[in-house]
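Input: a single structure, listed below in structure tokens.
The values are calculated or read from the model by the stated rules, or taken from the named source; none is laboratory data. The shown structure was predicted, so the numbers you read here are calculated from the model rather than taken from an experiment. Neighbour counts run over all protein chains shown; Cβ positions are idealised from the backbone, glycine included. Just the protein is used for accessible areas: all its heavy atoms, side chains included, with ligands, DNA and RNA removed. Shrake-Rupley method; radii C 1.70, N 1.55, O 1.52, S 1.80 Å.
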Amino acid sequence: MQTFDQKLEKYAELAVKIGVNIQKDQDLVVSAPIAAVDFVRKVTKEAYQSGAKQVYFRWSDDELTLTRFQYAPDEAFKEYPTWEAEGLEQLAKEGAAFLDIRTPNLDLLNGIDPEKISMDNKTASKALEPYKEYRMADRVSWSIVAVPSEEWAKKLFPDLETDAAVTELWNTIFKMTRVDREDPIASWEEHQQQLTEKGNYMNNKKFKQLHYRAPGTDLTIELPKDHVWAGGAAEDASGTSFIPNIPTEEIFTLPLKTGVNGTVTSTKPLNYSGTLIENLSLTFEDGRIVDFNADQGYETLKRLIETDEGSHYLGEVALVPHNSPISQSGLIFFNTLFDENASCHLAIGKAYPKCLENGADLSREALEQHGVNNSLVHVDFMIGSDELDIDGITHDDDEEPIFRHGLWAF
């Protein structure tokens with residue numbers, strides 16, 4: 001039986017060696033909340049032992065974030081520190097790796113003016129756009145992992161005492177990320193092979209369209225002729241393999257920007273910038289969102305869609321079977337990193353250039369000519385369930401089942 005500390009060390013090893021896959025003399029940038037300091041220390045030790053030259057830190061704190069939103073003047077949300085944006089871009093240009101350690105606080109910004117949150121998101125997105133381009137195009141290695149907070153643990157396990165809830169969430173994370181296995185790294189290599197097989201099947205088929213049907217959903221998504229299905233591991237500009245999301249159960253591609261028609265309804269809550277959006281529905285005509293609704297978080301959803309022109313369109317199409325380990329846990333994590341890997345999902349906003357043949361080497365203008373959407377935002381929302389059917393439509397207009405009752409049909 002492994003101790004908690006042994007599992008935590010394996011989790012740190014997984015983040016460093018499989019997540020960002022740090023290379024000798026490479027710099028690592030760790031973004032994390034101060035509540036995760038114990039885990040960050042283990043990650044830092046593992047990174048240096050694996051050959052990292054420098055480890056830099058970007059710390060955050062929920063209470064300080066809330067204080068800023070409560071008391072800072074409006075002008076503060078229209079500015080972003082140039083030194084940080086330029087510093088991140090320079091580190092990316094020099095080939096650093098980037099590890100994000102996330103601890104969601106679901107109700108942090110309840111009661112804060114959604115306009116102020118939207119302004120802050122847009123300002124940061126604009127300032128960080130050059131740096132984010134490196135990540136979206138996989139020119140650098142990057143990865144996202146999660147650690148518990150007391151607030152998140154109590155949201156998932158409200159009947160447990162706080163300490164017990166945090167322990168239970170840690171154990172759940174260890175299980176979902178395969179850290180509880182005897183050899184987590186070998187388990188991930190096996191899992192990657194399974195994702196590759198599904199991606200190869202879809203790439204060989206090169207479907208013209210996907211047709212989604214479920215309660216509240218009847219949606220057709222056209223795919224670019226040269227689309228590529230990806231999943232699990234990626235490669236950075238140096239040819240180094242890395243895994244952007246831990247956990248991951250998806251294969252994904254991009255839609256043709258103007259090729260989405262119909263209505264889709266979410267099946268899990270979306271935690272966006274500290275606000276929950278529940279039961280959202282979107283209606284599309286020629287790719288553009290022409291109507292939307294949400295039982296909760298409508299104003300936040302509205303401002304997300306109105307971020308820019310590209311946020312009125314989709315940027316990602318992802319397939320995840322309903323029997324994935326995360327789905328089988330029976331939990332709603334209120335955290336996109338986990339919930340997107342329990343469910344088929346779509347993303348509002350920017351597309352991944354790598355999901356078009358040679359897309360990572362194309363200019364923004366060339367990508368747009370191929371129907372690749374661009375935006376300051378990329379926000380996943382979940383649409384999968386055991387009632388979801390998906391058909392692939394070939395270029396001869398034949399239909400083939402891809403999903404039946406939420407599961408792979410092949």
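Compute and list, largest first, the equivalent-ellipsoid semi-axes of the stretch 252-410 from the alpha carbon gyration tensor, each √(5λ) rounded to a whole angstrom.
Working from the Cα gyration tensor, I get semi-axes of 23, 21, 15 Å.
Using the per-residue mean of other Cβ atoms lying within 10 Å as a proxy for protection, in what order, highest first, do the peptides 339-348, 74-83, 388-397 fall?
Packing proxy ranking, top to bottom: 339-348, 388-397, 74-83.
Just need log10 I(q)/I(0) for the stretch 143-261 at q = 0.10, 0.12, 0.16 Å⁻¹, Debye formula, equal scatterers on the alpha-carbon atoms, no solvent, rounded to two decimals.
Debye intensities relative to I(0), on a log10 scale: -0.49, -0.67, -0.95.
How long are the three semi-axes of the equivalent ellipsoid for the stretch 28-136, computed from the Cα gyration tensor as the root of 5 times each eigenvalue, in whole Å, largest first?
Working through the eigenvalues yields semi-axes of 27, 19, 10 Å.
Taking only protein heavy atoms into account and a 1.4 Å probe, give the accessible area per residue of the stretch 239-332 in Å².
For the stretch 239-332, the per-residue accessible area is 33 Å².
Which cross-chain or sequence-distant (5 or more) residues have an amide H under 5 Å from the amide H of Leu276, H modelled 1.01 Å from N in plane?
Distant-sequence amide H within range of Leu276: zero hits.
For the stretch 188-245, count all C-alpha to C-alpha pairs, find those more than 20 Å apart, and express that count as a whole percent of the total.
45
Over the stretch 1-115, with the other protein chains present, what is the accessible area per residue in square angstrom, probe 1.4 angstrom?
On a per-residue basis, the stretch 1-115 sits at 54 Å².
Quick one: pull the percent of accessible area on the chain belonging to carbon and sulfur, 1.4 Å probe, ligands and nucleic acids left out.
For the chain, the apolar C and S fraction of the accessible surface comes to 45 percent.
Could you list which residues have their amide H under 5 Å from that of Trp142, counting only those 5 or more apart in sequence or on another chain, with H placed in the peptide plane?
Correct list: Phe98.
By a straight-distance test (C-alpha under 18 Å), which aspartates and glutamates pair with Lys45 as possible cross-link partners, with residues fewer than eight away in the same chain excluded?
In chain and number order, the partners are Asp5, Glu9, Glu13, Asp25, Asp27, Asp100.
Above 24 Å lies some portion of the pair distances; for the stretch 180-338, what is it as a whole percent of all C-alpha pairs?
The proportion of pairs with Cα distances above 24 Å equals 43 percent.
To the nearest 20 Debye, how big is the dipole of the chain about its Cα centre, given +1 on the beta carbon of each Lys and Arg and -1 on that of each Asp and Glu?
Computed charge dipole of the chain: roughly 740 debye.
Show that you can apply the helix-only estimate: for the chain, add -39,500 (n - 2.57) for every DSSP H stretch of four or more residues, divide by all residues, and state [θ] at 222 nm to the nearest 500.
That calculation yields -10000 deg cm²/dmol at 222 nm.
On a 29 Å Cα-Cα criterion, which of the cross-link pairs Lys42/Lys302; Lys78/Lys302; Lys53/Lys132; Lys42/Lys154 come out too long?
Lys42/Lys302
Build a GNM of the chain with springs between Cα atoms under 10 Å: which of Val147, Val290, Val317 gets the top mean-square fluctuation?
In this elastic network of the chain, the residue with the biggest mean-square fluctuation among Val147, Val290, Val317 is Val290.
How big is D, in µm² s⁻¹, for the stretch 148-200 by Stokes-Einstein at 37 °C and 0.692 mPa s if Rh is the Kirkwood radius over C-alpha pairs?
261
Amide H to amide H under 5 Å from Phe57: which residues, 5+ apart in sequence or cross-chain, H placed 1.01 Å off N in plane?
The list, which skips near neighbours in sequence, is Val30.
Please report how many Lys pairs in the stretch 192-297 have alpha carbons closer than 15 angstrom, counting only residues at least 8 apart along the chain or sitting on separate chains.
6
For a quick protection proxy, order the peptides 202-208, 173-179 by their average other-Cβ count within 10 Å, most packed first.
Highest-to-lowest ranking by the protection proxy: 173-179, 202-208.
Would you mind pulling out the separation of the Cα centroids of the stretch 340-410 and the stretch 1-39, in Å?
What the calculation gives is 30 Å, centre to centre.
Could you give the radius of gyration (one decimal) and Dmax (whole number) of the Cα atoms in the stretch 114-168, in Å?
Using the Cα atoms of the stretch 114-168, the pair Rg, Dmax is 17.4, 44 Å.
Once the convex hull of the alpha carbons of the stretch 75-166 is built, what does its volume come to per residue, in cubic angstrom? Before the final figure, lay out the partial values.
On the way: hull volume 11.5 nm³, N = 92.
Taking the convex hull of the Cα positions in the stretch 75-166, it is 126 Å³ per residue.
For all pairs of alpha-carbon atoms in the chain, what percent lies in each bin of width 10 Å, listed from the first bin to the last filled one?
All Cα pairs, binned at 10 Å, distribute as 5, 22, 34, 28, 10, 1 percent.
What nm distance separates the two modelled labels at Met1 and Asp25, each placed 7 Å from Cα along Cα→Cβ?
4.7
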